[in-house]
Amino acid sequence: MRVYFRYAFRETISNLWRNRMMTLAAVLTVAVSLSLVGSALLLKQSAAQASVAWQTGTRVTVWMNPTASQGELDAVRTQLADSPLVHRCVFFDQARDYKEFLASLPPSETNVLTAADMPTSFRCEPTIPADAFIVESTFKNQPGVYDVTAPEQQIRQMNHAIRILQIVFLALAGVLLLSATVLILNTIRMAIFARRREVSVMKLVGATNWFIRIPFITEGFIQGLLGSLVAALAVTALHTWYPLHNEFALNNVALLGTNAVVIGVGVLIGSVGSAIAIRRFLDV
Amino acid sequence: MIRFENVGKTYPNGTPALKDINLDIEKGEFVFLVGASGSGKTTFLRLLLREELPDSGRILEAGRDIGELPKWRVPYLRRNIGCVFQDFRLLPNKTVYENVAFALEVIGRPRSTVESQVPQILELVGLADKSNNLPSELSGGEQQRVAVARAFVNRPLILLADEPTGNLDPANSESIMSLLERINRTGTTVVMATHDKALVDRMRRRVIVLDKGEMVRDQVRGVYGVDEGAHR
């Protein structure tokens, strides 16, 4: 057994070195395609997390002009209370809005504003969540109202955008993964061709089929593994240095999970590529 | 050791390679397989290696029908059969020592076995002083002796030789023949396909003559024969 491991290791390394340019091409293609897969996965997870965070809060916010008079404020308050579309409302004064504002954005973006610049707002829960946009259009043009926002609508729009982005990423990744598999298949095929004399002698003296095959499979496996390790590094770097908006922040478990998927897929396509090459080109 | 029972083999294009062959080769025999090109000699050897299966009849080696061997057992069958070819089939980027050691390594023999067996066999074939040379630095006769060493290093029960002297001058042919004889004296069954009339006539061993796939003569202590010689 020990003899065999040494033999397989030596053969694999020498195969990889002999075909180093092809190996590099295969590894890089795996790396790029899996980086896309990893980013798409991270995007999906952070979007899902953000949606949950937002949906547990207020569904419609009626932002008052900072200059709105007390009369305008009371009128809006009464109308909201009377509207059958609105279940209940909470009034946020300037201090409370400012606190929320500070919490939701990084300091670099908040330090130019003070509580006095903040609008007051009504945080309302529609009776039926889907009616949020009716509330929005009803109150939008009331005197003293600056704007009405319905995060659910925004979430829906953003989710839509993210979904399209994700489909584009995954489609690109799919094409690249396919070409990575073909590249790996081709490097293994070249390795088999380069070693055809050895293979024929091995068959002649009675080496078992798996003994002959395993160095080639290991070669594809290692190419997939190297590519996916590069991709995992890229995904981790992206996550660490370019975190999306605070509300998208993911924990390390999600990152680990994503990297596990990336490495798993890389190893899989490496093995599949070499397995196909062996079936088609290695006559044992 | 080897038994052919009504063995027939026809290639897909319809030409019969072997027709109804019946024969027995005992352990430790030395057999010449002679006949013109296309008479079925190579098919005969390929069947013994189970590189191909007969269309009819069966082949027994060491009492076992090799046609019934599952595919994964075939490598183990081949470990008992050494092979030498006209074109040597050495690995050009490995030294003499490594070429012979390779045959042991790829069947998973431990390093200690390799280190004790390889020098011993190189001594036997008279190439101990060339063990670090590449095949390209050797003469044809020396290369063929390396090939014989590789075929015999695992002490197979059967040694097959397909025109082993076909590319060699008479002096080198002579040294290969005496090597095969020595191997035969250790109890190894040797089957050698050849065109070399002078060699067969001088050796006076069993001769099996094939002609267009049929066994036309099986003679103990035989000669190449006039008829077959004319085919050359």
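The values are calculated or read from the model by the stated rules, or taken from the named source; none is laboratory data. Remember, it's a predicted structure, so these values are computed and weren't measured experimentally. Positions of Cβ are backbone-derived with ideal geometry, glycine not excepted, and every protein chain shown enters the neighbour counts.
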Condition met for A:MET202 (crowded, with 20+ Cβ neighbours inside 10 Å, within 14 Å of chain B (Cβ to nearest Cβ) and in contact with a Phe, Trp or Tyr (Cβ under 8 Å, 6 or more places away or on another chain)): yes
Which ranges mark the helices (runs of 4 or more DSSP H) fully within the stretch B:51-132 that have 2 or more residues being within 8 Å of another protein chain (Cβ to nearest Cβ)? B:74-78, B:96-105
From the list A:LEU85, A:LEU80, A:LEU113, exactly one residue is of a type outside the set (Asp, Glu) and over 24 Å from A:ASN141 (Cα atoms). Which is it? A:LEU113
The residue that is surrounded by the fewest Cβ atoms within 10 Å (Cβ to Cβ), considering only those in the stretch B:154-169 that are of a type outside the set (A, V, I, L, M, F, W, C) and in contact with a helix residue (DSSP H, G or I) (Cβ under 8 Å, 6 or more places away or on another chain), is B:ASP169
Given the criteria among the acidic types (Asp, Glu) and either at pLDDT 85 or above or not in a helix (DSSP H, G or I) (or both), does A:GLU198 qualify? yes
